[in-house]
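A.B. asks: Structure provided below as structure tokens; questions to follow.
The values are calculated or read from the model by the stated rules, or taken from the named source; none is laboratory data. Treat the numbers as computed from the prediction; the structure is a model and nothing was measured. Here the Cβ positions follow ideal geometry from the backbone for every residue, glycine too, while neighbour counts run over all protein chains shown.
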Amino acid sequence: MRCNILVPLVLAALAGPAPAQPIGENPPTKTIQCIDVGGQSVPPVCRVPASRLDPREDICTCPIGGQRVEASVCAKGQTPPPEGKALNIARRTAARDGSLVGDTVAGKPICVAPRNPR
């Protein structure tokens with residue numbers, strides 16, 4: 001009986017939440033987005049360092065709902081595609097594999113504006 005209780009607890013502790021961004025990247029090139037079933041973006045909740053200089057995120061979750069997917073951070077001079085029906089459809093279909101990295105909408109890459117620590 002005791003073994004039946006301990007095994008799920010050990011597995012849950014080992015699984016834990018995945019980091020939002022690779023540790024060695026500064027500035028980060030990837031972040032987490034929460035995508036609703038219709039393709040709309042739901043705001044994620046991220047734990048971030050208490051530094052105005054460090055733009056990295058430690059852990060991001062989707063407590064309001066939506067699928068947790070990895071997305072590219074927009075490069076310098078690049079802007080995210082405008083919100084709308086076309087972007088929602090593209091995100092909905094692209095998020096099926098758990099990542100929006102490398103996906104495009106109307107020839108423009110799907111990316112997220114970098115976090116502004118101010």
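A.B. asks: Just give me the residues in region 52-89 being closer than 19 Å to Thr29 by Cβ, in a loop (DSSP other than H, G, I, E, B) and among the small types (Gly, Ala, Ser), in sequence order.
C.D. replies: Here is the first cut: in region 52-89, the residues closer than 19 Å to Thr29 by Cβ are 53-60, 68-81.
Checking which are in a loop (DSSP other than H, G, I, E, B) leaves us with 53-58, 74-81.
Within region 52-89, Ala75, Gly77 qualify.
A.B. asks: Output the residues belonging to region 91-105 that are crowded, with 16+ Cβ neighbours inside 10 Å and either of a type in the set (Asp, Glu) or part of a helix (DSSP H, G or I) (or both).
C.D. replies: Passing the criteria: Arg91, Arg92, Ala94, Ala95, Asp103.
A.B. asks: Keeping to region 14-38, report how many residues are surrounded by 12 or more Cβ atoms within 10 Å (Cβ to Cβ) and either at pLDDT 80 or above or within 13 Å of the chain's Cα centre (by Cα) (or both).
C.D. replies: 12
A.B. asks: Go through region 39-51 and count every residue that is exposed (fewer than 14 other Cβ atoms within 10 Å of the Cβ), of a type in the set (A, V, I, L, M) and within 16 Å of Pro27 (Cβ to Cβ). Show your work before the answer.
C.D. replies: Taking region 39-51 first, the residues exposed (fewer than 14 other Cβ atoms within 10 Å of the Cβ) are 43, 45, 47, 49-51.
Those still in the list that are of a type in the set (A, V, I, L, M) too: 45, 50.
Still in the running and within 16 Å of Pro27 (Cβ to Cβ): none.
The total comes to 0.
A.B. asks: Ok, one more. Provide a single number: the residues in region 106-116 that are buried (at least 18 other Cβ atoms within 10 Å of the Cβ) and part of a loop (DSSP other than H, G, I, E, B).
C.D. replies: Summing the residues that are buried (at least 18 other Cβ atoms within 10 Å of the Cβ) and part of a loop (DSSP other than H, G, I, E, B) in region 106-116 gives 1.
A.B. asks: Can you tell me which residue is farthest from the chain's Cα centre (by Cα) among those in region 43-59 that are modelled with pLDDT of 90 or more and closer than 18 Å to Cys74 by Cα?
C.D. replies: Pro43
A.B. asks: Within region 70-118, track down each residue that is more than 17 Å from the chain's Cα centre (by Cα) and of a type in the set (A, V, I, L, M, F, W, C).
C.D. replies: Answer for region 70-118, where residues must be more than 17 Å from the chain's Cα centre (by Cα) and of a type in the set (A, V, I, L, M, F, W, C): Ala86, Ile89, Val105, Ala106.
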